[in-house]
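Student: Please read through the structure below; I'll follow up with questions.
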Amino acid sequence: MSPETRTAHPLYIARIRPVTVDAVTITFDDPDRVIGGSAGWYVIVRVMVEGEEHRRAFSLSSTPELAQPPAITVKRHPGGLVSRHLVERAREGDVVEVEPAVAGGFDVGISTGRRRTLYAFAAGSGIAPVVSIIRGVLALEEGSVVHLLYGNRTSGDSIFAGELATLASDHPGRLRVSRLFSGRGERIDHRAVDRFLTSRPPTTADVWYLVCGPPGMNRTVEARLRSLGTPDDRLLVERYQPPHRDGAPTPYDGALVRLEDHDHEGTAAAGDVLLDALGGPSSPLYYACRSGVCGTCRALLVTGDVDPGVPFALSEAEQGAGVVLTCVARPLSAEVVLRSLPD
Ligand code: FES
């Protein structure tokens, strides 16, 4: 995928609202409705930091089905260049380049005719796409019920806690929120999942499960739900950080990485992913999240050997066909030849 194949729209920041001490919700002015999308979709935001363009994927925290203007909720991460820029330096009236919303794997298909029970497990900023869906389900699916297990370090870290309380009181019996605080030693682990599900039996035949949090929580909850027999099409897991991997092979320092269809090449410094070796922002490859999540940086491995990292966005079939995510894959051989893939 080439950078020029994606269009970004310059949108004014209409509003910046602090939601915790280190997180803000940024609402964009989108009079022509160019962003679109549905609850649970994400957008790619292009931000200039110190003269260089950086792209990141953010879940919509707004609910397009309710005609809300597009909004993202950004939590400042200590090493996060873009998140720190948006939380600390962005101002209302600034213009930011935003691409139209993209469907990931976190779309429940909100529709007025549906009647279902949704169990949602969220922690930290993972609440953003979950609250987007909860708002839409409560407003538009009158027969549906949502149970949310929401984890944070402390109550002061809890994004959307106030809105969730309001939604629960505005929709009696249709939203129940249980809170856990890791600062008190509470965790969303197997036992917490079991207690949560047992105490809230489903009230419909159609039951859905949503999971969005840090990698460890996602893994734990997904494994438990799968062991309980949850069908694939009812279990949606949204990932926004790659997990740490122990025992990864040592990358080849100084490998030549070539993108053959663009006649472009670069050299990998120690620990570089393929995308960095190709020049990062100046690479002909398009990219966004740099976390193996959005799938935009995919390329075909033509020759050479790579450590694929954790390519969340690739299916097993794609991995078997030699597709790699250049933002997480690292070279293991002296030369790696890639070919870009169509959108
Ligand atoms: S940039 Fe998102 S998967 Fe590589």
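Student: If you check V177, V146, V130, which single one turns out to be in a helix (DSSP H, G or I) and either surrounded by 14 or more Cβ atoms within 10 Å (Cβ to Cβ) or in contact with an Asp or Glu (Cβ under 6 Å, 6 or more places away or on another chain) (or both)?
Tutor: Only one candidate qualifies: V130.
Student: How many residues does region 55-84 contain that are touching a strand residue (DSSP E or B) at 6+ places or on another chain (Cβ under 8 Å) and either buried (at least 19 other Cβ atoms within 10 Å of the Cβ) or within 19 Å of H9 (Cα to Cα) (or both)?
Tutor: Within region 55-84, residues that are touching a strand residue (DSSP E or B) at 6+ places or on another chain (Cβ under 8 Å) and either buried (at least 19 other Cβ atoms within 10 Å of the Cβ) or within 19 Å of H9 (Cα to Cα) (or both) number 17.
Student: Related question: Got at least one residue in region 155-176 being touching a Leu at 6+ places or on another chain (Cβ under 6 Å), assigned by TED's automatic domain parsing to the domain that holds D194 and without any contact (Cβ under 8 Å) to a residue 24 or more places away in the chain?
Tutor: yes
Student: Restricting to strands (runs of 3 or more DSSP E) lying wholly in region 263-332: which have 1 or more residues that are away from the ligand (no atom under 16 Å from the Cβ), open to solvent by 20 Å² or more (accessible area, probe 1.4 Å) and of a type outside the set (A, V, I, L, M, F, W, C)?
Tutor: In region 263-332, 264-267, 298-303 are the strands (runs of 3 or more DSSP E) which contain 1 or more residues that are away from the ligand (no atom under 16 Å from the Cβ), open to solvent by 20 Å² or more (accessible area, probe 1.4 Å) and of a type outside the set (A, V, I, L, M, F, W, C).
Student: Let me ask you something else. Please work out which one of (1) closer than 14 Å to I133 by Cα; (2) within 16 Å of the ligand (Cβ to nearest atom) is the condition P64 fails and give its number.
Tutor: So the condition that P64 fails would be (2).
Student: I've got another one for you. I'd like to verify a number: residues in region 267-290 that are in contact (Cβ under 8 Å) with a residue 24 or more places away in the chain and over 10 Å from A255 (Cα atoms), how many?
Tutor: Of the residues in region 267-290, 13 are in contact (Cβ under 8 Å) with a residue 24 or more places away in the chain and over 10 Å from A255 (Cα atoms).
Student: Does region 196-239 hold any residues that are exposed (fewer than 13 other Cβ atoms within 10 Å of the Cβ) and not in a loop (DSSP other than H, G, I, E, B), and which are they?
Tutor: T198, S199, A223, S227, D232, D233 - these are the residues of region 196-239 that are exposed (fewer than 13 other Cβ atoms within 10 Å of the Cβ) and not in a loop (DSSP other than H, G, I, E, B).
The values are calculated or read from the model by the stated rules, or taken from the named source; none is laboratory data. All values reported here derive from a predicted model rather than from experimental measurement. Cβ atoms come from the backbone with ideal geometry, glycine included; neighbour counts cover every protein chain shown. Calculation scope for accessible area: heavy atoms of the full protein, side chains included, ligands and nucleic acids excluded. Shrake-Rupley method; radii C 1.70, N 1.55, O 1.52, S 1.80 Å.
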